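S.K.: Here it is, the structure in full.
The values are calculated or read from the model by the stated rules, or taken from the named source; none is laboratory data. Here the structure is a predicted model, which means the values were calculated and not measured. In this analysis, Cβ positions are derived from the backbone assuming ideal geometry, glycine residues included, and neighbour counts consider all displayed protein chains. Note: accessible area is taken over every heavy atom of the protein model, side chains too, but ligands, DNA and RNA are not part of it. Shrake-Rupley method; radii C 1.70, N 1.55, O 1.52, S 1.80 Å.
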Amino acid sequence: MVSAWRSGVKTDIESSGKINFRAWTGGSGDQLSSWDEREYAALRCIQRTRPFCTPVTLLIHYVASVPLVVTATGLLTWTISLSKGASLCGCLCFNVIINATIKWACRRPRPKYLSAREGLANIRDVFERDFSFPSGHTQVISGTVLCFCALFQLSWQWHVVALTLGILAAFSRNYLAVHWCTDTAAGLVLGWAIGLSWGIYDPYGQLLRAAQPWASILAATLLVGCLGLAQEIVRRYAPPIEASLAEQWLSNAISDLSPEKRQRLPREVSPKELLRVVQDVNSVGAIPALTMMWCIFSSTAFHWHMPEGEFGSCLESRSWDYILLRNVLGIGGLAIWALAMLAIKKYTNLDDVYFKAGLNVCAFAGISFWILVFAPLIFHSVGLHCV
């Protein structure tokens, strides 16, 4: 299958401007392989459940945005548990990095990129600009909720709920026709495996209990270095995508959108945008996730000196107005930092890739250390400690 996804389409473009499917299936004429027929039939079957599923699937689609994830991480860390919140965020970042690396290696087109085949509905103009296999939303959501249950040692009923949420996330990606069913199945397996393993072994917690600052820095550097090296090897040596092929993919995806949505798309969405997603080190799976991963593990070097009161749970010892004040102060700090980074980005207006990479490192390092180190220290200094 992987070789089929990468095969060339230099001469197999139909007169209508759509991609001829025989370029992907290896079949003859206009017939799809039995595997592709089943994949498309499954997506059409899933979409027949609308409109009842539309609100839920759109919620899942947008809930994985970076601002919401960062805010949720802060609220969990400042309210329930600093150590478990940090470890859960580490699991999330690890899933993002692994998912991006596999996507760049396989480079499978999404169903909407091959939209010459009729039958898939365009639901609320959902638009994605990266590769398909495996599903990132499915892997991250299924892995994070299962890791949460394992870290907090919840009952088996909660584990069933976590598994159900993962399956719901997979269904939502198929319902929106942004992923093949095999994408979401792989995302579920990877997410569950990583989430459960991380929750059981808790590598962040082990570093924290070791109380060895230099070991924390070394472990963080080795882990992120290996993950970053793997991404760079994949980006450099995976078989390239032809520019003409990328043009057809993106053209098909955009042509399926409504005129209003096409007008709202940013100017940088060009036929070669898909290639830029792979080549750009500033994409979500590269610099941001790697930066947060390093900060999370290296923060255990500072947590050794953290006041003991910040490792307790505010839910068990403080009133709701007290907890609300902590979170307002914490989110306020995040907002100030985010506005400062946006201002620098706006007024410098530089397109240099290394400048953007440096800015991304500063932005996500600041976010990580504010959530895990600076905010808890400020809480303690102003008398807002949990215990």
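S.K.: What number goes with the only condition from (1) in contact (Cβ under 8 Å) with a residue 40 or more places away in the chain; (2) out of contact with any Leu (no Cβ under 7 Å at 6 or more places or on another chain); (3) among the small types (Gly, Ala, Ser) that Ala72 does not pass?
M.R.: The one condition Ala72 does not meet is (1).
S.K.: Another one. Residues that are surrounded by 23 or more Cβ atoms within 10 Å (Cβ to Cβ), outside any helix (DSSP H, G or I) and small (Gly, Ala, Ser): does region 118-127 have at least one?
M.R.: For region 118-127, residues surrounded by 23 or more Cβ atoms within 10 Å (Cβ to Cβ), outside any helix (DSSP H, G or I) and small (Gly, Ala, Ser): absent.
S.K.: A follow-up question, please. Counting only residues that are aliphatic (A, V, I, L, M) and more than 20 Å from the chain's Cα centre (by Cα), which one in region 234-245 is most open to solvent (accessible area, probe 1.4 Å)?
M.R.: Only one residue fits best here, namely Ala243.
S.K.: Show me the helices (runs of 4 or more DSSP H) found entirely inside region 237-287 where at least 1 residues are modelled with pLDDT of 55 or more.
M.R.: Result: 243-255, 259-264.
S.K.: Can you pull out the residues in region 146-169 that are open to solvent by 40 Å² or more (accessible area, probe 1.4 Å) and either in contact with a strand residue (DSSP E or B) (Cβ under 9 Å, 6 or more places away or on another chain) or part of a helix (DSSP H, G or I) (or both)?
M.R.: Phe148, Trp156, Gln157, Trp158, His159, Val160, Val161, Leu163, Thr164, Leu165, Ile167, Leu168, listed by residue number.
S.K.: Quickly run through region 65-84 and pick out the residues that are among the polar types (S, T, N, Q) and either within 12 Å of Leu372 (Cα to Cα) or in a helix (DSSP H, G or I) (or both).
M.R.: Thr71, Thr73, Thr77, Thr79, Ser81, Ser83
S.K.: Read through the list (1) assigned to a helix (DSSP H, G or I); (2) free of Cβ contacts under 8 Å to residues at least 12 places away in the same chain, then give the number of the only condition that Val373 fails.
M.R.: (2)
S.K.: Could you tell me which residue of region 202-231 is modelled with the lowest pLDDT, considering only residues that are exposed (fewer than 14 other Cβ atoms within 10 Å of the Cβ) and not small (Gly, Ala, Ser)?
M.R.: Among those that are exposed (fewer than 14 other Cβ atoms within 10 Å of the Cβ) and not small (Gly, Ala, Ser), it is Arg209.
S.K.: Let me ask you something else. Specify the residue that is surrounded by the fewest Cβ atoms within 10 Å (Cβ to Cβ); the eligible residues are those in region 170-192 that are in contact with a Gly (Cβ under 8 Å, 6 or more places away or on another chain) and of a type in the set (Gly, Ala, Ser).
M.R.: Ala170
S.K.: Is there a residue being within 30 Å of Ser313 (Cα to Cα), aliphatic (A, V, I, L, M) and open to solvent by less than 60 Å² (accessible area, probe 1.4 Å) anywhere in region 48-61?
M.R.: Scanning region 48-61 turns up at least one residue that is within 30 Å of Ser313 (Cα to Cα), aliphatic (A, V, I, L, M) and open to solvent by less than 60 Å² (accessible area, probe 1.4 Å).
S.K.: Can you confirm whether Lys84 is touching a residue at least 40 places away in the same chain (Cβ under 8 Å), under 25 Å from Ser313 (Cβ atoms) and open to solvent by 10 Å² or more (accessible area, probe 1.4 Å)?
M.R.: For Lys84, the condition - touching a residue at least 40 places away in the same chain (Cβ under 8 Å), under 25 Å from Ser313 (Cβ atoms) and open to solvent by 10 Å² or more (accessible area, probe 1.4 Å) - is met.
S.K.: Scan region 237-256 for residues that are of a type outside the set (A, V, I, L, M) and closer than 20 Å to Ala177 by Cβ and jot them down.
M.R.: Gln248, Trp249, Ser251, Asn252, Ser255, Asp256 - these are the residues of region 237-256 that are of a type outside the set (A, V, I, L, M) and closer than 20 Å to Ala177 by Cβ.
S.K.: Since Ala343 meets every condition but one in (1) open to solvent by 30 Å² or more (accessible area, probe 1.4 Å); (2) touching a Gly at 6+ places or on another chain (Cβ under 6 Å), which condition does it not meet?
M.R.: Going through (1) open to solvent by 30 Å² or more (accessible area, probe 1.4 Å); (2) touching a Gly at 6+ places or on another chain (Cβ under 6 Å) one by one, Ala343 breaks only (2).
S.K.: Let me ask something else about it. Suppose the filter is open to solvent by less than 10 Å² (accessible area, probe 1.4 Å), at pLDDT below 90, more than 23 Å from Cys45 (Cα to Cα) and of a type outside the set (Lys, Arg); does Thr71 pass it?
M.R.: In short, no.
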